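What follows is one structure encoded as structure tokens, with my remarks underneath.
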Amino acid sequence: MMMTRTVYVNGQYVPENEATISIFDRGFTFADGVYEVTSVIKGGLVDFDGHMARLKRSLRELSIALPHSIEESKNAHHQLVTLTKLDEGVIYLQISRGASDRDFPFPDGAMPTMIMFTQEKSLIDAPAAKTGIKVISVEDIRWARRDIKSVGLLAPVLAKQAAKEAGCQDAWLYQDGYVTEGSSNNAYIVTEDDVIVTRQLSNDILHGITRHAVLDLAREKGMTIEERPFTIDEALNAKEAFVTSASTFVYPVIEIDQQSIGNGTPGPVATRLRELYIENALANLS
Ligand code: PDD
């Protein structure tokens, strides 16, 4: 018998084939909404508070009301984990401005739409963590407010498709010659002097929740970090490269534009940071 997944729509838990939202929903017509992806390991939530803090910030920047308190959202996350028996994977949450006849300015009285669903995914033993991933570089054609986790994701869709067609797993985006971030993750290199370099926070990149945790752990262990832009050329000559996100934790990058990074295998810094991140996540599940 086919199992149908239970999903969340505006306070209701329903089978996915019975979940509906309006065709006038502004998330659908204008990409007028934001999202979060929270990972689940051993049935517990990873970095939940950080994801909710960023969700509130994204909503505030767009003047969309938070439809439920963070406490209610947390309960809903737990309820979905229970109903779907999710042990390891991710929970996707999206809030849009709601449904209204199509018109650009904010509508009066629209109620935000909130949906959530789960996706099973191997996170701790993800094969890509052991093999590393190959990326291509692609020009960053996104809008100027990448700090808002908007559902307008056509640029990363095109970048990931180009990567796939090139036989790679992801794309690193660059602007004015400098890497901004990965298409759905933050990007790092490790220099000859073992300095971890990643672009500084600004409106040019998403303020990754995993980035924050990984940099804290690296600092705790006495590693040196420089938050500054770097070029693809610098990355090609780096000892190591890697990415971080909720759905990957830390993945080593072993190739950029068909050129090997370091010796072309996952490096010790990325591998160590991944171990530290997972250990810390397991000890702090909510
Ligand atoms: N992406 N940068 C971009 C552009 C992202 O889309 C993401 C996350 C990150 C990493 O942020 P965090 O560590 O908070 O997950 C950085 C999610 C996982 C996604 O779109 O599926």
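The values are calculated or read from the model by the stated rules, or taken from the named source; none is laboratory data. Small disclaimer: the values here were computed from a predicted structure and weren't measured. With ideal geometry, Cβ positions are generated from the backbone for all residues, glycine too; neighbour counts draw on all protein chains shown. Each accessible area value is taken on the protein alone, full model and side chains, heavy atoms only, with ligands, DNA and RNA left out. Shrake-Rupley method; radii C 1.70, N 1.55, O 1.52, S 1.80 Å.
Against the conditions (1) under 28 Å from D47 (Cβ atoms); (2) out of contact with any helix residue (DSSP H, G or I) (no Cβ under 8 Å at 6 or more places or on another chain); (3) not β-branched (V, I, T), N263 satisfies every one except (1).
The set of residues in region 128-151 being assigned to a helix (DSSP H, G or I) and of a type in the set (A, V, I, L, M) consists of A128, A129.
Taking region 77-107 as the region of interest, how many residues are open to solvent by 60 Å² or more (accessible area, probe 1.4 Å) and either closer than 22 Å to T20 by Cα or aromatic (F, W, Y) (or both)?
Summing the residues that are open to solvent by 60 Å² or more (accessible area, probe 1.4 Å) and either closer than 22 Å to T20 by Cα or aromatic (F, W, Y) (or both) in region 77-107 gives 9.
The residue pairs whose first member lies in region 179-202 and is free of Cβ contacts under 8 Å to residues at least 40 places away in the same chain, whose second member is among the hydroxyl-bearing types (S, T, Y), and whose beta carbons are closer than 6 Å, counting only pairs six or more residues apart or on different chains, are V195/T224; T198/Y188.
Can you say whether I21 is within 19 Å of G109 (Cβ to Cβ) and crowded, with 18+ Cβ neighbours inside 10 Å, as far as the supplied structure shows? Against the criterion (within 19 Å of G109 (Cβ to Cβ) and crowded, with 18+ Cβ neighbours inside 10 Å), I21 does not qualify.
Filtered by the rule that a residue be surrounded by 20 or more Cβ atoms within 10 Å (Cβ to Cβ), in a strand (DSSP E or B) and without any contact (Cβ under 8 Å) to a residue 60 or more places away in the chain, region 152-178 gives A171, L173, Y174. Only one entry of I225, I261, I205, I256 meets the criterion of being closer than 26 Å to W143 by Cα and either more than 16 Å from the ligand (Cβ to nearest atom) or open to solvent by 20 Å² or more (accessible area, probe 1.4 Å) (or both), and that entry is I256.
Give region 40-60 a look and list any residue that's among the basic types (K, R) and within 11 Å of the ligand (Cβ to nearest atom), or say none. Give the steps one after another, and end with the answer.
Just the residues of region 40-60 that are among the basic types (K, R), to begin with: 42, 54, 56-57, 60.
Within region 40-60, R54 is the sole residue that qualifies.
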